[in-house]
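Peer 1: Mind looking over this structure? Questions follow.
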Amino acid sequence: MSSYRHRWRNAPGDPRYDALEHRLDPVPVVRVPTLMLHGAADPCNDPSTSEGKERFFSGRYVRKLLPGVGHFPQRERPQAVADEIASWLRD
């Protein structure tokens, strides 16, 4: 099974996880402060897929696009990721 295909509802999920999938529908609200870093050049999950998700967070939520970064920001630009995290923690 492909988690990417299943995530976008292009493939069935593994029936062993049906009970868990049911518990997560509707999507629960995340209550902890969250920093979302998304590579602006991500070829696997288009940056538009992380837009407008504020409603899923009740605590502080910040989304940042990292220019010129693809699917693995922490590997591709580790210092930029570390800088964003440090800045977010200071705010």
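No lab work stands behind these numbers, since they all come straight from the coordinates. Being a predicted model, the structure only gives us computed values, none of them experimental. Neighbour counts run over all protein chains shown; Cβ positions are idealised from the backbone, glycine included.
Peer 1: When you go through (1) loosely packed, with under 11 Cβ neighbours inside 10 Å; (2) under 23 Å from His6 (Cα atoms) one by one for Pro47, which number turns out not to apply?
Peer 2: Unmet for Pro47, out of (1) loosely packed, with under 11 Cβ neighbours inside 10 Å; (2) under 23 Å from His6 (Cα atoms): (1).
Peer 1: Given (1) surrounded by fewer than 10 Cβ atoms within 10 Å (Cβ to Cβ); (2) of a type outside the set (D, E, K, R); (3) more than 24 Å from Ala80 (Cβ to Cβ), where does Val32 come up short, assuming only one miss?
Peer 2: With respect to (1) surrounded by fewer than 10 Cβ atoms within 10 Å (Cβ to Cβ); (2) of a type outside the set (D, E, K, R); (3) more than 24 Å from Ala80 (Cβ to Cβ), Val32 is out only on (3).
Peer 1: Another question, if that's okay. Give me a count of the residues in the stretch 43-88 that are of a type in the set (D, E, K, R), more than 21 Å from Val32 (Cβ to Cβ) and in a helix (DSSP H, G or I).
Peer 2: Of the residues in the stretch 43-88, 3 are of a type in the set (D, E, K, R), more than 21 Å from Val32 (Cβ to Cβ) and in a helix (DSSP H, G or I).
Peer 1: Answer yes or no as to whether Glu54 is more than 24 Å from His6 (Cβ to Cβ), surrounded by 14 or more Cβ atoms within 10 Å (Cβ to Cβ) and of a type outside the set (Lys, Arg). Break it down into steps so the answer makes sense when it comes.
Peer 2: Values: more than 24 Å from His6 (Cβ to Cβ): yes; surrounded by 14 or more Cβ atoms within 10 Å (Cβ to Cβ): no; of a type outside the set (Lys, Arg): yes.
No.
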